[in-house]
Amino acid sequence: MVGRESSRGVMDRFRSMPMARLAVPFGHTGADSLIGLPLLAAMVGTGLLVGWQPHRGLIPAVEAFLLMMLLRYALSWAGAYVGLLAKNEQTVAQLVPLFLPITMMSNAFVPTDGMPQWLRFLADWNPVSALTAAARDLFGNPGMSTSGHTAWPLTHPVAAVLLWAAALLAVFVPLALRAYLRTGQ
């Protein structure tokens, strides 16, 4: 079991190195995004094995994958901030299940048509729903609801993902950087 002192020692070593102080959080979130590439490749490979294929061609498919990586990068800053607020690794591990509803409360698994109005509103404006709709659109795969109640993020999913990513980065990059700099004081 790693104690607070040993993990603090690693951070002290990073701080003593001749590099920009903010290189550590930027490096961490960048590395998290790079870790996502083999996971994305495994997901795509598995999908291709079971018969999935992008129907609109290579360029829209690459755009969909780039949107996935962008939102992952933006969300990694939220994770970095939460991790910096936590006192130890066990606390962070206990907080992880709190993020599961973000995925479950989206259109990734079920259409939002049958949801109660309040839940449908939350699901339609969920960044995961926007990403799911954008990927379905860019891949040319069916799955969009056409019931007429569709919210703006689902009718303009690419723009919604870009706005969600920008908003998440605008909020969590400064918060995470300030929290990281505060841990060194």
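The values are calculated or read from the model by the stated rules, or taken from the named source; none is laboratory data. All values derive from a computational prediction rather than experimental measurement. Note: ideal-geometry Cβ built from the backbone for every residue, glycine included; neighbour counts use all protein chains shown. When the accessible area is computed, the model is the full protein with side chains, heavy atoms only, and any ligands, DNA or RNA have been set aside. Shrake-Rupley method; radii C 1.70, N 1.55, O 1.52, S 1.80 Å.
Please give the FRET efficiency for Asn141 paired with Leu95, using the beta carbon to beta carbon distance and R0 = 30 Å, rounded to the nearest 0.05. Show your work: numbers first, answer last.
Working: r = 33 Å, r/R0 = 1.10.
After rounding, the FRET efficiency stands at 0.35.
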Mind giving me the nanometre distance, one decimal, between the label points for Thr155 and Arg182, set 7 Å out from Cα along Cα→Cβ?
4.1
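For the chain, with every protein chain kept in place, what is the accessible area per residue (1.4 Å probe, Å²)?
Working: 11190 Å² over 185 residues.
About 61 Å² of surface per residue is accessible.
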Taking a probe of 1.4 angstrom, what is the accessible area of Val92 in Å², to the nearest 10?
50
Net charge, Asn107 excluded, C-beta distance under 15 Å - Lys, Arg +1, Asp, Glu -1
-1
Checked segment 44-147 with the C-alpha gyration tensor, a ≥ b ≥ c its square-rooted eigenvalues, rounded below a/c of 1.5, otherwise prolate if a/b is larger than b/c and oblate if not; verdict oblate
Roughly what would the spin-label model give for Gln53 and Leu40, points 7 Å off Cα along C-beta, in nm?
2.2
With DNA, RNA and ligands ignored, accessible area of Phe172 (1.4 Å probe; Å², nearest 10)
50
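So what's the convex hull volume per residue for the Cα atoms of the chain, in Å³? Please list the in-between numbers first.
Values: hull volume 27.6 nm³, N = 185.
Considering the Cα atoms of the chain, their hull volume per residue is 149 Å³.
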In terms of the alpha carbon gyration tensor, root eigenvalues a ≥ b ≥ c, rounded if a/c is under 1.5 and otherwise prolate when a/b exceeds b/c or oblate, segment 28-69 is oblate
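Of all the accessible heavy-atom surface of the chain, with the other protein chains kept in place and a 1.4 Å probe, what percent is carbon and sulfur? Walk me through the intermediate numbers first.
Numbers: 8000 of 11190 Å².
Solvent-exposed carbon and sulfur of the chain make up 71 percent of the total.
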